[in-house]
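K.L.:
Dumping the structure here so I can ask a few things about it.
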Amino acid sequence: MSDPSPVRPAAPVLDVWCELQCPDCRDALDDVRTLRARYGDRLELRLRHFPLEKHKHSFAAAQAAEEALEQGKGWEFVEAVLGRVEKLDREGEPFLVEVARELGLDAEEFDTALIDGRHILIVDADQAEGKAIGVSGTPTYVIDGERLDGGKSQEGLRERIEEIVDRLLAGQE
């Protein structure tokens, strides 16, 4: 017996290559918030990790973001950390656990995840994929095969992303 309900096409995916110790990524937060508000569940925003060697806490922050995602508050964690990159610069991993606690996450599990490295493979895989597709800085966006580099300038990027998303959504109708 066939199901007569219409099959909803998959939402377009916007990969957001980010580094949680990056001031440019903090500056890009407004655009990400605007995209989330405009499209809701019609656009899937995927956080992709691209920790840069020049930021000593970025790899731990990427792992922490994965633990926050696992505990159900990935984007909230990302926004909270990016909003205080200077504090992450100064305090490192204890700050990441503090943010988890502030958000009501299981801080003890969070700390354990940073110690046992359970999310290292995800971060390594993202970083390797980023390098393979030409990501060299953050933020970088990839949608419908197009890479948009926000590390040089955010100017016009949200508008370009919206053009692509609108085109992709129109093609689903």
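The values are calculated or read from the model by the stated rules, or taken from the named source; none is laboratory data. Because the structure is predicted, anything quoted here is derived from the model rather than measured. We place every Cβ from the backbone using ideal geometry, glycine too, and count neighbours over all the protein chains shown. Surface accessibility is based on the protein's heavy atoms, side chains included, excluding ligands, DNA and RNA. Shrake-Rupley method; radii C 1.70, N 1.55, O 1.52, S 1.80 Å.
K.L.:
Grab the Cα-Cα distance for A125 and D144, subtract it from 0.36 nm times how many residues apart they are, and report the gain in nm with one decimal.
P.N.:
4.8 nm
K.L.:
Does anyone have the angle between helix 120-132 and the longest principal axis of the chain? Alpha-carbon axes, 0 to 90°, nearest 10?
P.N.:
Tilt relative to the chain: about 60 degrees.
K.L.:
Still on this structure: Show me the three semi-axes of the equivalent ellipsoid for region 89-131, from the C-alpha gyration tensor (sqrt of 5 times each eigenvalue), largest first, rounded to whole Å.
P.N.:
23, 13, 9
K.L.:
Once neighbouring chains are kept in place and the probe is 1.4 Å, which whole percent of the accessible area of region 40-129 is contributed by carbon and sulfur?
P.N.:
49 percent
K.L.:
Moving to a separate point now. Sum -39500 (n - 2.57) across every DSSP H segment of at least 4 residues in the chain, then divide by the residue count to get the 222 nm mean residue ellipticity, nearest 500.
P.N.:
After summing the helix terms and dividing by residue count, I get -16500 deg cm²/dmol.
K.L.:
Another question about this same structure. How many lysine pairs in the chain, separated by 8 or more positions in sequence or lying on different chains, have Cα atoms less than 26 Å apart?
P.N.:
Qualifying lysine pairs in the chain: 10.
K.L.:
Something else now. Using R₀ = 30 Å, calculate the FRET efficiency as 1/(1 + (r/R₀)^6) where r is the Cβ-Cβ separation of R101 and E159; round to 0.05.
P.N.:
Once the sixth-power term is evaluated, E becomes 0.20.
K.L.:
Per residue, how big is the convex hull around the C-alpha atoms of region 66-144? Give it to me in cubic angstrom, could you?
P.N.:
Measuring per residue, one finds 111 Å³ for the Cα hull of region 66-144.
K.L.:
Once fully extended, how much extra length lies between R42 and D89, figured as 0.36 nm per residue of separation less the alpha-carbon to alpha-carbon distance?
P.N.:
Separation in residues times 0.36 nm, less the Cα-Cα distance, equals 13.4 nm.
K.L.:
Relative contact order of region 1-151: what whole-number percent is it, with Cα pairs under 8 angstrom and at least 6 residues apart?
P.N.:
33 percent
K.L.:
Can you tell me how much longer the chain between K56 and D116 gets when fully stretched, taken as 0.36 nm per residue apart minus their C-alpha distance, in nm with one decimal?
P.N.:
Working it through step by step, the gained length comes to 19.8 nm.
K.L.:
Taking the chain as the reference, fit the longest principal axis to its C-alpha atoms, fit the long axis of helix 157-170 to the helix C-alpha atoms, and give the angle between the two in degrees, 0 to 90, nearest 10.
P.N.:
Between the helix axis and the principal axis of the chain, the angle is about 40 degrees.
K.L.:
Using Cα pairs under 8 angstrom and six or more residues apart, how large is the relative contact order of region 50-95, in percent?
P.N.:
So the answer I get is 36 percent.
K.L.:
Pick out, in residue order, every one of the GluC sites (Glu not before Pro) in region 1-93 that is DSSP loop and has at most 13 other C-beta atoms within 10 Å; say none if there are none.
P.N.:
E53
K.L.:
Please list 3J(HN,Hα) in residue order for region 66-81, calculated via the Karplus relation 6.51 cos²θ - 1.76 cosθ + 1.60 where θ = phi - 60°; whole Hz, with x for glycine and proline.
P.N.:
Result, ordered by residue: 5, 5, 4, 4, 4, 8, x, 9, x, 5, 4, 5, 4, 5, 5, 6 Hz.
K.L.:
What order, most packed first, do the peptides 124-130, 45-51 have when packing is the mean number of other Cβ atoms within 10 Å of each residue?
P.N.:
In descending order of packing, they fall as 45-51, 124-130.
K.L.:
Using the C-alpha gyration tensor of region 1-136, what are the square roots of 5 times its eigenvalues, in whole angstrom, with the largest one first?
P.N.:
Calculated on Cα positions only, the semi-axes equal 27, 18, 16 Å.
K.L.:
State in Å² the accessible area per residue of region 69-116; use a 1.4 Å probe, count heavy atoms of protein chains only, and round to the nearest integer.
P.N.:
52 Å²
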